[in-house]
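Shown next, in structure tokens, is the structure this report addresses.
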Number of protein chains: 2
Amino acid sequence: MGIVRKTKAVKILLDLFDNGFSAISAVDLVERLKDEMNKTTVYRALDRLEDDGIVHSFVGKSGLKWYAKCKSSCTADHHNDVHPHFECKKCKKVMCLPVEVTIPNIPNHTIDNTAVFITGICDNCND
Amino acid sequence: MGIVRKTKAVKILLDLFDNGFSAISAVDLVERLKDEMNKTTVYRALDRLEDDGIVHSFVGKSGLKWYAKCKSSCTADHHNDVHPHFECKKCKKVMCLPVEVTIPNIPNHTIDNTAVFITGICDNCND
DNA sequence: TGTATTAACGCAACTAAAATGCATTAAATT
DNA sequence: AATTTAATGCATTTTAGTTGCGTTAATACA
Ligand SMILES: [Mn+2]
Ligand SMILES: [Mn+2]
Ligand SMILES: [Zn+2]
Ligand SMILES: [Zn+2]
């Protein structure tokens with residue numbers, strides 16, 4: 001189970017995700033919120049938000065953990081809304097890509113989960 | 001530039017990759033080779049092997065770094081042979097998948113690199 | 001085959017991300 | 001308002017990987 005109490009810390013985090021950047025790393029959040037809450041609180045609150053299907057996480061190319069808000073379709077038990085993530089090597093922004101990636105059939109393998117991480121140059125930096 | 005001298009450590013590593021498991025994490029290698037070389041040596045030798053296109057690396061679901069041998073088509077300057085990686089949640093093995101994943105067009109984005117990491121159950125564990 | 005050069009190594013110390021233990025605080029419930 | 005306990009803050013620890021530096025051993029060459 002995830003969030004039980006709507007604490008100050010949780011409200012601040014939810015607010016940040018709503019007035020949304022596309023995705024933010026745990027490290028960035030810890031730094032950005034260092035005057036408002038302890039880094040342990042950031043990590044633990046993110047854990048709970050993810051448990052509840054409010055945010056989802058993924059690891060970037062360097063192994064850092066990133067978080068982004070889930071679409072309303074996600075719940076605690078079912079994490080729908082699976083999509084690739086994109087890191088712009090120019091502006092360093094990381095974003096969710098609302099596209100579908102099809103994995104070809106892999107004989108005798110049962111696919112559980114697919115994580116796609118793309119790097120390149122984003123639309124904003126491209127023109 | 002990568003490997004210049006064929007040291008004992010490099011030979012041991014190459015030997016491991018040849019009598020190949022599919023993919024192995026740096027952490028596993030450090031542990032497995034702890035009696036034969038220092039962990040710093042493992043990390044540095046892997047770096048050089050990757051520079052030369054002899055092995056390639058990728059980040060697993062938990063953020064750990066994994067290594068696998070490259071196909072002969074890879075060189076120091078051109079890393080061909082891009083493919084998804086698969087982790088079996090039963091036997092915990094991680095392997096290279098020799099399949100092609102097509103990324104749909106993303107308007108105005110320039111794609112540089114794509115990493116696909118799949119989890120599920122491997123052929124061996126499936127029957 | 002010996003000597004010189006320096007890439008590579010070992011070891012200790014360090015860094016960064018994340019996790020943990022525990023006493024304290026503040027949401028929620030009554 | 002009093003009670004309960006989820007959530008927090010702070011200190012400490014763990015884990016993965018890196019760095020600096022003195023030493024060693026692979027290669028080249030006399
Ligand atoms: Mn996303
Ligand atoms: Mn591979
Ligand atoms: Zn950009
Ligand atoms: Zn398996």
Checklist entry - Only one residue in A:V30, A:V55, A:V99 is within 14 Å of chain B (Cβ to nearest Cβ), of a type in the set (V, I, T) and in contact (Cβ under 8 Å) with a residue 12 or more places away in the chain, so which one is that? => result A:V99
Checklist entry - Restricting the search to region A:33-46, which residues are away from chain B (no Cβ under 14 Å) and either within 18 Å of A:V4 (Cβ to Cβ) or more than 6 Å from DNA strand D (Cβ to nearest atom) (or both)? => result A:L33, A:K34, A:D35, A:E36, A:M37, A:K39, A:T40, A:T41, A:V42, A:R44, A:A45, A:L46
Checklist outcome for this item: The residue that is surrounded by the fewest Cβ atoms within 10 Å (Cβ to Cβ), considering only those in region A:33-60 that are out of contact with any Ser or Thr (no Cβ under 6 Å at 6 or more places or on another chain) and closer than 27 Å to A:T102 by Cβ, is A:S57
Checklist entry - Condition test on A:S57, is it polar (S, T, N, Q) and out of contact with any Lys or Arg (no Cβ under 9 Å at 6 or more places or on another chain)? => result no
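Residue-wise test of (1) under 26 Å from A:V94 (Cβ atoms); (2) more than 7 Å from every other protein chain (Cβ to nearest Cβ); (3) more than 13 Å from the chain's Cα centre (by Cα).
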| residue | (1), (2), (3) |
| --- | --- |
| B:L64 | yes, yes, no |
| B:K69 | no, yes, no |
| B:D77 | no, yes, yes |
| B:H85 | yes, yes, no |
| B:K90 | no, yes, yes |
| B:K93 | no, yes, no |
| B:I103 | yes, no, yes |
| B:N108 | yes, no, yes |
| B:T114 | yes, no, yes |
Next on the checklist: Condition check: modelled with pLDDT under 95, of a type in the set (V, I, T), closer than 30 Å to A:N126 by Cα and in a loop (DSSP other than H, G, I, E, B). Does A:V82 satisfy that?
Outcome noted: yes
Checklist entry - Which residues, taken from region A:30-62, are of a type in the set (A, V, I, L, M, F, W, C), within 12 Å of the chain's Cα centre (by Cα) and in a helix (DSSP H, G or I)? => result A:L46, A:L49
Checklist entry - Any chance region A:93-116 includes a residue that's modelled with pLDDT of 95 or more, under 30 Å from B:C125 (Cα atoms), within 16 Å of ligand 3 (Cβ to nearest atom) and part of a strand (DSSP E or B)? => result no
Next on the checklist: Being modelled with pLDDT under 95 and either away from ligand 4 (no atom under 16 Å from the Cβ) or touching a His at 6+ places or on another chain (Cβ under 7 Å) (or both) is the requirement here; does B:I12 meet it?
Outcome noted: no
Item to check | Residues being out of contact with any Pro (no Cβ under 6 Å at 6 or more places or on another chain), within 7 Å of chain B (Cβ to nearest Cβ) and surrounded by 15 or more Cβ atoms within 10 Å (Cβ to Cβ) - total across region A:116-127 | outcome: 5
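The values are calculated or read from the model by the stated rules, or taken from the named source; none is laboratory data. As the structure is a computational prediction, the values presented were derived from the model and not from experiment. For neighbour counting, all protein chains shown are included, and Cβ atoms are generated from backbone atoms with ideal geometry for every residue, glycine included.
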